[in-house]
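Student: Here's a structure for you.
The values are calculated or read from the model by the stated rules, or taken from the named source; none is laboratory data. Since this is a predicted model, take the numbers as computed values, not measurements. So basically every Cβ, Gly included, is an ideal-geometry build from the backbone, and we count neighbours across all protein chains shown.
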C-alpha cells in the first residue's frame, strides 16, 4: 500500500509532497500530469504533479487504480493505493530506465557495472510503446525508436541468460518501427580500439617532483564518463626544464572518449580518454603551484558542453551519490530488475 | 477493470474505452499498443472522429463519462468491433504492401488508418477477399502517388519556368505595393478575455467576434515598424520585405517565416505528409502564397491572424522563468550551493514544478493561458535536469540554442506561424475549443525540439555510446 498526501492549494494538484531531488527521480511525462518516482525512497506508485486534471483523468486510473485516481482528483487530502497493473509496471520501468540513462553511477571502485547502453535505449523504447496512450509527447515512440541501434544490440545477444529475451526484443522493435514508419539503425558497433588514444600520465624520462591522490568531483560532467567513486592521481613532473602537472582520472566502466576539463589547484587541465581506461592530461604549471598542491582535496572534472561551473563551486553533496549507488545496487539485485539491469549483472 | 464504477458518478473515459477495447480481443491488436490499449492515434484518427464522435455526442466527450452513458459508450465501441477488426486486418495488409513497395516515408498510422477504415466499410474483412493484397497495394500506391518529390518537383519547375518567373515576380511586386496601410488600434480587450478562458471554457462567440472585427489584422499593424517582427522572431531583418520567388529549399535550413521565399513557404508544407490531398493545385497554391505573403502576419485568414496575436500575448514574458533564467538558475542542481534540491525552499525545483504562475481567470497581470504556458516552461528546468541533459547555460552550448532556451517566444511564434500556414493550405478551420491545444502544443513542440538539440550536443560531445 502506498499512501500520499494530496495538496490542492496551488495551481497544480500535488500528490506526494514536494518534488524530489531530480538526480534521484524517475520521470514519466503523462498528458496533464508528471509522474515522479523518488528513488531515494522507492515505492511502487509514483508521486504526481497534476497540472491539467481534465487531461489526466483519462489515464490516471492506470497508475493509481480507479478509486484512488478519483480520490486524487476530487477527494480527501490523503490517498492510498495497492493497485497493480502491467501499465503501472511499464510506466515505472520507463521512469527507472530514463533515470538510469541520465544518472546510473557506473563505477569500478563501487563495483557498479555499466548498463549496456544499446539495450537500455531499446528497452526504454519498448516501455515507451507500452504506455504511449498516456504520454504527453505524441511522438514519444518515434523519438525513442530513432535512438535504437539494432547493430549495437547484436553483440549483447551472445550474453547467455538474456540472449533470447534480447533477440525477442529486437524483433518486437522491428515490428514497432514498421508500425511507426521509422527505419531502425543497424550500424556495426564501434570497437574500443577505434578511438582509444595513447596512455597518458607521466612519460618515461620525466622527473617526478611530487604526487598524490584526490577525490573526484564529477557533478559537472554527464554520468558514465568518469568514475566518481575513484580517486584521481596527480603528479608534478619536470620535463625538459618545464614543470608539468599531470592528472589521471579513472574512467567509468564502458566510458567513451570525451573532451573534459579538470580544474585542479587553480589550473585547467584538458583530459582525454587514454588506452588504460583513464581520462588523462597535463598542463604546464607555474612554480607557485607547488605550494597549493598539498592543500587540494578534490579535482573538479567538468564538460564545458554539459554544465556551467560557478567560480566558487561549493562542496559536492555526497548524500545523493550514496543514495544513487544504493539504489543502483538494489536494482541489480532486484527480482524485478529490467532486462538492461539483468544484462549488466550477468 | 470497471469495479470502481459504483463509487463515483462519472467514469474516466479512458477506462471505459480500455475496457470495451479489450473485449474486441486480438482482432484489433494491430491498432493496439503493447499494453493492449488502443494506440493514441487509434483514438485520435479512428475512435474519436469515426466511432464516438464527441462533437455529435457530447455525452462521450471530456475526460469522464457520466454513469448514465457508460453502457452507450461501451456499446458504440462494441458495435464498431467488426469494422475495427477489419480495419486492423487491412492495416496489416497495407503495411505489407508498403514494405513490398519499399516505401519508408510518412507515418503509416497517419497515412493509412482512415484509409483502412474506408476499406473495411467498402470491402469488409479482407480475409474473405481474394484480391485483398491487390487492393492494399493500390491503396498504398494511391496514397503515395501525389506525395514526396513529385509535388516538390512540380512546384520547382513551375517557379523556375523562365516563361513565368517575370510574371510571378510582378505579382509579388503588385501584392506588396498595394498592401493596405496598417490600421493601428488599441489592443482589443477581447484577446485577453479569450486567453483567460480558452483553456477551460472557450467562448465560441468571442472567438468568432475576434475574427469578425479583424482583431488579428489590427494586431499586425506594428509589424512593419523596425524591430517589431524581428522581436517576435518572425524575421531576421529589421523589417519585413517582399519575398523572393525562390529556386530551392531545404528543410534543414529554412529561414525565418517572413524571410522565406515563396518556394520555401510551399516546400515546408509539401514535405509534411498528412492530408496533402486537401491542398490546391500548384499554380493556385503559388498565386495564393504570393497574396498571403503580403497580408497581415503574412497569413491569409483572419482567424490565423487572431491566433498570431493570441500567441504573441500568451508567449510574451516566458523568458522570466524556466530553463534559461540565467545566473544561479543556470547551474541549477549541479552545485550544492544552488537552489535547495530537497524541495524545501521556495526556490526549490518543486516550486517551479507545481506552478509559479497564478492559474485561474481574474489575475491582474497576465492571462490564464500565459500562466499555463509559463508553468509548462518552468517545469522544463526540472525535467531537463532529471533527464541528465546539458545545462543550456554551459559555456559550449551553441549560442542560438541558448538564446532560444532563454526566451522561447521566437521559436514559439515561428512554429505557430508554420502550423497556421499549414492549416490554411489544407483549408482547415480552427474552432474556439482548439485554440488552447494549439498554443500549448506549439510550446510543447518547441520544448521537445530544444531537448532533442541538447541531447545531440551531449551525444556529439562524446557522451557514453
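Student: Name the residue, out of A:131, A:87, A:162, that is closer than 25 Å to residue B:447 by Cα and in contact with a helix residue (DSSP H, G or I) (Cβ under 6 Å, 6 or more places away or on another chain).
Tutor: Going through A:131, A:87, A:162 in turn, the sole match is A:131.
Student: Right, next: For the range A:41-60, indicate whether the set of residues that are at the interface with chain B (Cβ under 7 Å from one of its Cβ atoms) and in a helix (DSSP H, G or I) is non-empty.
Tutor: Yes, the conditions are met somewhere in the range A:41-60.
Student: Sticking with this structure for a sec: Suppose we keep only residues that are part of a helix (DSSP H, G or I) and free of Cβ contacts under 8 Å to residues at least 12 places away in the same chain within the range B:395-438. Which one would you say is surrounded by the fewest Cβ atoms within 10 Å (Cβ to Cβ)?
Tutor: Among residues in the range B:395-438 that are part of a helix (DSSP H, G or I) and free of Cβ contacts under 8 Å to residues at least 12 places away in the same chain, the one surrounded by the fewest Cβ atoms within 10 Å (Cβ to Cβ) is B:399.
Student: At least 1 residues that are in the same structural domain as residue B:409 (by TED's automatic domain parsing) in each: list the helices (runs of 4 or more DSSP H) lying fully within the range B:166-279 that qualify.
Tutor: B:189-197, B:204-212, B:215-219, B:228-231
The rows are residues; the columns are (1) at the interface with chain A (Cβ under 8 Å from one of its Cβ atoms); (2) touching a strand residue (DSSP E or B) at 6+ places or on another chain (Cβ under 6 Å); (3) assigned to a strand (DSSP E or B).
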site	(1), (2), (3)
B:28	no, no, no
B:54	no, no, no
B:62	yes, no, no
B:73	no, yes, no
B:85	no, no, no
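Student: Considering only residues that are surrounded by 13 or more Cβ atoms within 10 Å (Cβ to Cβ) and either facing another protein chain (nearest Cβ under 8 Å) or in contact with a helix residue (DSSP H, G or I) (Cβ under 8 Å, 6 or more places away or on another chain) (or both), which ones fall in the range A:310-327?
Tutor: Selection gives A:310, A:313, A:316, A:317, A:320, A:323, A:324, A:327.
Student: Go through (1) within 9 Å of another protein chain (Cβ to nearest Cβ); (2) at pLDDT below 90 one by one and return the number of the condition residue A:160 breaks.
Tutor: With respect to (1) within 9 Å of another protein chain (Cβ to nearest Cβ); (2) at pLDDT below 90, residue A:160 is out only on (1).
Rundown of residues vs (1) farther than 23 Å from residue A:114 by Cβ; (2) surrounded by 19 or more Cβ atoms within 10 Å (Cβ to Cβ); (3) more than 10 Å from chain B (Cβ to nearest Cβ), yes/no style:
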position: A:202; (1), (2), (3): yes, yes, yes
position: A:211; (1), (2), (3): yes, no, yes
position: A:216; (1), (2), (3): no, yes, yes
position: A:221; (1), (2), (3): no, yes, no
position: A:226; (1), (2), (3): no, yes, yes
position: A:249; (1), (2), (3): no, yes, yes
position: A:260; (1), (2), (3): no, yes, no
position: A:263; (1), (2), (3): yes, no, yes
position: A:271; (1), (2), (3): no, yes, yes
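Student: Mind counting the residues in the range B:365-389 that are in contact with a helix residue (DSSP H, G or I) (Cβ under 7 Å, 6 or more places away or on another chain), in a loop (DSSP other than H, G, I, E, B) and farther than 30 Å from residue A:39 by Cβ?
Tutor: Within the range B:365-389, residues that are in contact with a helix residue (DSSP H, G or I) (Cβ under 7 Å, 6 or more places away or on another chain), in a loop (DSSP other than H, G, I, E, B) and farther than 30 Å from residue A:39 by Cβ number 1.
Student: Out of the residues in the range A:128-139 meeting the condition of being at the interface with another protein chain (Cβ under 9 Å from one of its Cβ atoms) and part of a helix (DSSP H, G or I), tell me which one is nearest to residue A:32 (Cα to Cα).
Tutor: Here the residue is A:134.
Student: So which residues in the range B:380-391 are crowded, with 24+ Cβ neighbours inside 10 Å and either facing chain A (nearest Cβ under 7 Å) or at positive phi (or both)?
Tutor: Listed by number, the residues that qualify are B:382, B:386, B:390, B:391.
Student: If a residue must be over 23 Å from residue A:306 (Cβ atoms) and more than 9 Å from every other protein chain (Cβ to nearest Cβ), how many such residues does the range A:86-112 contain?
Tutor: The qualifying residues number 7.
Yes/no per residue for (1) within 30 Å of residue B:37 (Cβ to Cβ); (2) at pLDDT 95 or above; (3) touching a strand residue (DSSP E or B) at 6+ places or on another chain (Cβ under 8 Å):
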residue	(1), (2), (3)
A:164	yes, no, no
A:169	yes, yes, no
A:205	no, no, yes
A:208	no, no, yes
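Student: I need a count of the residues in the range B:192-214 that are within 16 Å of residue B:313 (Cα to Cα) and either crowded, with 22+ Cβ neighbours inside 10 Å or free of Cβ contacts under 8 Å to residues at least 60 places away in the same chain (or both).
Tutor: The qualifying residues number 7.
Student: Another question, if that's okay. Is it the case, given these coordinates, that residue A:338 is modelled with pLDDT of 95 or more and in contact with a helix residue (DSSP H, G or I) (Cβ under 9 Å, 6 or more places away or on another chain)?
Tutor: So residue A:338 fits the description; yes.
Student: State the number of residues belonging to the range A:1-40 that are more than 19 Å from residue A:223 (Cα to Cα), out of contact with any strand residue (DSSP E or B) (no Cβ under 7 Å at 6 or more places or on another chain), in contact (Cβ under 8 Å) with a residue 12 or more places away in the chain and at the interface with chain B (Cβ under 8 Å from one of its Cβ atoms).
Tutor: Going through the range A:1-40 one residue at a time, the tally reaches 1.
Student: Which condition breaks for residue B:392 when tested against (1) assigned to a helix (DSSP H, G or I); (2) under 30 Å from residue A:310 (Cα atoms); (3) at pLDDT below 95?
Tutor: (1)
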